[in-house]
Amino acid sequence: MNKKIINPEDATNIVKNSILKRRSKDSRLKLFGRVAIGLAVCFLLFLFYSIFTKGYPGFFQYYVTLDINFDRERIDPKGDLSDNSLFDGDASTIVNESLFSVVEPKGRKEKKLAKKIVSSGKDVRIAKMVKDDPSLFGTVTQVKFALDDDIDSFLRGYIKRETPESERRINDKVIGFIDKLNEEGRISYEFSDYILSGSASGNPEMAGIKGAFIGSILTLSVCLLIAFPLGVATAVYLEEIAKKNRITEIIEVNINNLAAVPSVVFGIMGLAIFISIFGMPRSIPLVGGMVLALMTLPTIIISSRAAIRAVPPSVRDAAYGIGASKLQVIFHHVIPLAMPGMLTGTIIGMAQALGETAPLLMIGMVAFIVDIPNSVLDPGTVLPVQIFMWADFAERMFIQKTSAAIIVLLGFLISMNALAVYLRKKLERRW
Amino acid sequence: MLGYNRAKGLVNLNQKNLHSLTHYYGIFCLLSALLPTLGVFFIFTICDDLVFAELVKEYIPNEVINSKDYNFTIVLAQINNSVEGLVFGTPPQWVTNAAEIWKSWVIKSNILTMIVCAITILTSGFLSYKKIHSEFRSRNAVEKIVMTILGVSSVIAILTTIAIIFSVVFESIRFFALIPYDEFLFGTVWNPQFEGAERAGSGQEGLSQYGAIPLFAGTFLISIIALCVSVPIGLLSAIYLSEYASSKERAFFKPLLEVLAGIPTVVYGFFAALTVAPFLRSSGSMLGLDIASESALAAGLVMGIMIIPFISSLSDDVINAVPQSLRDAGYGLGSTKNETVMKIVLPAALPGVVASIILAVSRAVGETMIVVMAAGLAANLTANPLEAVTTVTSQIVTILVGDQEFESAKTLSAFALALTLIIITLGMNFYALHVVKKYREQYE
């Protein structure tokens, strides 16, 4: 091999020529990096955009205003305002009559069609109104009723007038009725009072998230009550009390493993242990909260340990120095100082638990439950599961309601995370 | 309270001789009175149903027990329903009778529990009260109790793990007693059906098939698609954030990327099923491709978006951990930023980057809601990302949602799937940690 000796001038030229290439390579990498971040942020924005544009209309729906004659004899035949008596009354006939007086249907068939314009929750609505305010009896008052979801979709323009009648979910006669109502200015587009105060329902126009929301709160409270004390106690024990030996090592490995176990497995464990062996009922927030607590425990333990570790030894030494016992040091000094960090971890863990779906599916929180749960022992469902269930329904209006529920869920998650960030910023201490 | 008062009294009597602070005496009394009582209470509440179930057997008429379709659980449920006032049709007289007796037992046992609890609380309270005198070291006693409580709570983590392993392994063993494990691991057809506990001899052999290969393949396919999305984006973002971005940009974009990890998976699932899948379908038909409405592609893409932050955040941390001196050495030799990053920083950070990718894969494998909502349920053995596939997690969900009999092979198969899932994800995690540990010391 003969060595090539490059003379200095050539070398300079080679370097000079290559430098442009190298620089452009450099800026290319930078560009790629920017594009990658831009893509990720675009995904995020697109996700939010698509959910908000779908979900915003979900908070609103179309109502029809009808003049209702509150005839006590007919609405409340027994006259005692009891559920039974109101159920016996024929409030829905009154509503239908009022509707007929406006749209004037001819014959049985048209009447049958016209009846379906107003959502089937009309009698419940009247019952609730007279219960809240019995002085309505004997008056003729204008009342707003939700329209059926097909009519709603028509008014929103999802069902087109131009589509041939046979392919439409509503026929020409009904469209005629709607036009009539519209001419009289009886149809209005307003903030839906069902979405926030209603419960699960097969009728999309009446479905709401209140039941799921309360269920979420109950489940999360159980989760918090179990996971927070246990997590903090474990963290304190591992960081401050336990000697480093085999047992603590096993505990640590276990905690890390638990953090890596897929959430659906926790659901399986809940099903096999709590429901199958202990015989607890399905779909109750208590079991859901317990499963979620076990799931969030690692998050809380890990962040609490980090918070305890961040407390400088000088604080402990000072406390020992004035004669405090070990527990006094821990409870009077270390825990109060580590509290912000522990709380931050707990809030983040709770946010995870709030958004979790899969384990709750396993323990049967997918049941169709209309009643709003009153205690942790009543069957209930939670927001994410409600979203999952609604996403399966075919009606167009459910898509909007689902997106609306997602907006509520995301709102809570974002505010919880913001709270965690705020706490960390505000209470963080630099030593 | 009493202890506190007594201690106060003692303080008044001989002020200086008390060993501990007064409130420790109070807490000691409280704890030693409450803890045994709580224990007794729990034992009673858990046991009474079991005891009643045994006792109620006497009230079931003989002809019922001797009849062919006697099943104690069903009878018990009948009685329980009747106790709670849920009556379907007209139950036999003996059920109503048993329910009446059961009700009286419940009242009796409640009274008994209360009495026993009261006795325990009084005796243990009294005993601890007696113990209080000036030499008694109540603080030490309280601390011992509290330490024990703390220690016990740390064992919960172990208990949970044991519970998981116990529940999954136990049921899996029962599954493998019905279905040979080689059929499960290497079979290529997944078609579970309910057919009762006995597979053989029920005349339906061969109807159900539990070959998990299509599920593993589906999981694998979706994870690969997800990685194709998330690895380039995540890694390039990490490089940009740690090497090129100003600290302001970094402070803005890093949390923004992490928002992606905070969005509930059910929201991603909804997004995949209702936005991404129809979009892919319509754009596919424009190109002449037939994309199923539930496709591996849609689920994989959205999952890829979900795991971007796992890769970007972890890789970013690892790249930042590469000592500055290495970069300075690179610049000192006249290399550009690109060359420094590609030839010095990345190789140095490689173990950490690999670990972050492995962790992201294990997250993708364990992810449930996106695949349940967007990937479909058909167990296709295919490598075509445009078709519907199913995954291990989505099968677990479909099998276990709703009511199910615990004896059937179909239900048990979900536990076997969960076992493989745990083994895979934990294995990946261990490997990732191992990679990080093994190569970390090199630069420290």
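The values are calculated or read from the model by the stated rules, or taken from the named source; none is laboratory data. In this text, all values refer to a predicted model and were calculated from it rather than measured experimentally. Every residue, glycine among them, receives a Cβ derived from its backbone with ideal geometry; neighbour counts consider all protein chains shown. Accessible surface is based on the protein model in full, side chains and every heavy atom, while ligands, DNA and RNA are left aside. Shrake-Rupley method; radii C 1.70, N 1.55, O 1.52, S 1.80 Å.
Looking at region B:208-248, the pairs of alpha carbons with a distance over 15 Å make up 60% of the total. Rounded, prolate or oblate, given the Cα gyration tensor of region A:63-139, with a/c below 1.5 counting as rounded? Prolate. Please give the helix A:383-392 orientation as an angle from the longest Cα principal axis of chain A, in degrees from 0 to 90, rounded to the nearest 10. On a 0 to 90 degree scale, this one is about 60. Counts of other chain beta carbons within 10 angstrom of each beta carbon in peptide A:249-260 average 5. With the simple model of a label 7 Å out from the Cα in the direction of the Cβ, A:Tyr158 to B:Leu256 spans 3.2 nm. For the chain pair A and B, buried accessible area totals roughly 6500 Å², probe 1.4 Å, rounded to the nearest 100. Split the accessible area of region A:210-427 by element, probe 1.4 Å, and carbon with sulfur accounts for 66%. In region B:286-314, which residues give up 30 Å² or more of accessible area once the other protein chains are added, compared with their chain alone (1.4 Å probe)? Buried on complex formation: B:Ile305. With r defined as the distance between the Cβ atoms of B:Glu249 and A:Thr12 and R0 fixed at 45 Å, what FRET efficiency is calculated, to the nearest 0.05? Efficiency for this residue pair is about 0.80. Listed by chain and number, the lysines whose C-alpha is less than 18 Å from the C-alpha of B:Lys144, apart from same-chain residues fewer than 8 away, are A:Lys243, A:Lys326, B:Lys131. Between A:Ser101 and A:Tyr320, residue separation times 0.36 nm minus the direct Cα-Cα distance comes to 70.3 nm.
Taking a ≥ b ≥ c as the square roots of the eigenvalues of the alpha-carbon gyration tensor, region B:209-443 is classed prolate because a/c is 1.5 or more and a/b outweighs b/c. Applying both filters, DSSP loop and at most 13 other Cβ atoms within 10 Å, to the GluC sites (Glu not before Pro) of region A:333-431 gives A:Glu428.
Taking a straight Cα-Cα cut-off under 19 Å and skipping sequence neighbours fewer than 8 places away in the same chain, the lysines within cross-link reach of B:Lys248 are A:Lys30, A:Lys425.
Solvent-accessible surface of region B:209-443, taken per residue with a 1.4 Å probe and all protein chains present: 38 Å². Potential lengthening of the chain between A:Ser197 and A:Phe60 amounts to 48.0 nm, from the contour at 0.36 nm per residue minus the alpha-carbon distance.
The calculated FRET efficiency for B:Ile213 paired with B:Asp317, based on their beta-carbon distance and R0 = 45 Å, is about 0.75.
Shielding value for B:144-151 is 5, the average number of Cβ atoms from other chains within 10 Å of each residue's Cβ. Residues in region A:57-74 carry Karplus couplings, in order, of x, x, 7, 10, 7, 8, 10, 10, 9, 10, 8, 9, 8, 7, 8, 4, 3, 8 Hz; the curve used is 6.51 cos²θ - 1.76 cosθ + 1.60 with θ = phi - 60°, and Gly or Pro positions show x.
Spin-label model, B:Val169 to B:Leu38: label points 7 Å out along the Cα-to-beta-carbon direction sit 3.1 nm apart.
For region A:125-188, the list of GluC sites (Glu not before Pro) that fall in a loop by DSSP and count at most 14 other C-beta atoms within 10 angstrom reads A:Glu162, A:Glu184. Counts of other chain beta carbons within 10 angstrom of each beta carbon in peptide B:366-374 average 5.
With R₀ fixed at 41 Å, the C-beta to C-beta distance from B:Leu426 to A:Ser415 puts the FRET efficiency at about 0.75. Using the average count of surrounding beta-carbon atoms within 10 Å as a protection proxy, the listed peptides A:211-224, B:238-251, B:323-336 rank, highest first, as A:211-224, B:238-251, B:323-336. Note that chain A presents 49 Å² accessible area per residue, ligands and nucleic acids not counted, probe 1.4 Å. Shape summary: chain A maps onto an equivalent ellipsoid whose semi-axes, from the alpha-carbon gyration tensor, are 57, 37, 19 Å in decreasing order.
Taking chain A as a Gaussian network of alpha-carbon nodes connected by springs under 10 Å, the highest mean-square fluctuation of the residues A:Asp371, A:Asp132, A:Asp76 belongs to A:Asp132. In this structure, the pairs whose alpha-carbon distance is over 25 Å, taken from A:Lys25/B:Lys437; A:Lys116/A:Lys144; A:Lys426/B:Lys437; A:Lys210/B:Lys254; A:Lys131/A:Lys173; A:Lys111/A:Lys210, are A:Lys25/B:Lys437; A:Lys426/B:Lys437; A:Lys210/B:Lys254; A:Lys131/A:Lys173; A:Lys111/A:Lys210. For region A:160-210, the set of trypsin sites (Lys or Arg not before Pro) satisfying both a DSSP loop assignment and a count of at most 14 other C-beta atoms within 10 Å is given as A:Lys160, A:Arg161.
Identify the residues of region A:269-283 with backbone N under 17 Å of a label point that sits 7 angstrom from the Cα of A:Ser375 along the Cα-to-Cβ direction, or state none. Under 17 Å, as judged by backbone N against the label point of A:Ser375, lie A:280-283 of region A:269-283. Mind checking the angle between helix A:8-55 and chain A's longest principal axis? C-alpha axes, 0 to 90 degrees, to the nearest 10. Between helix and principal axis, roughly 30 degrees. Solvent-accessible surface (1.4 Å probe) assigned to B:Phe42 amounts to roughly 120 Å².
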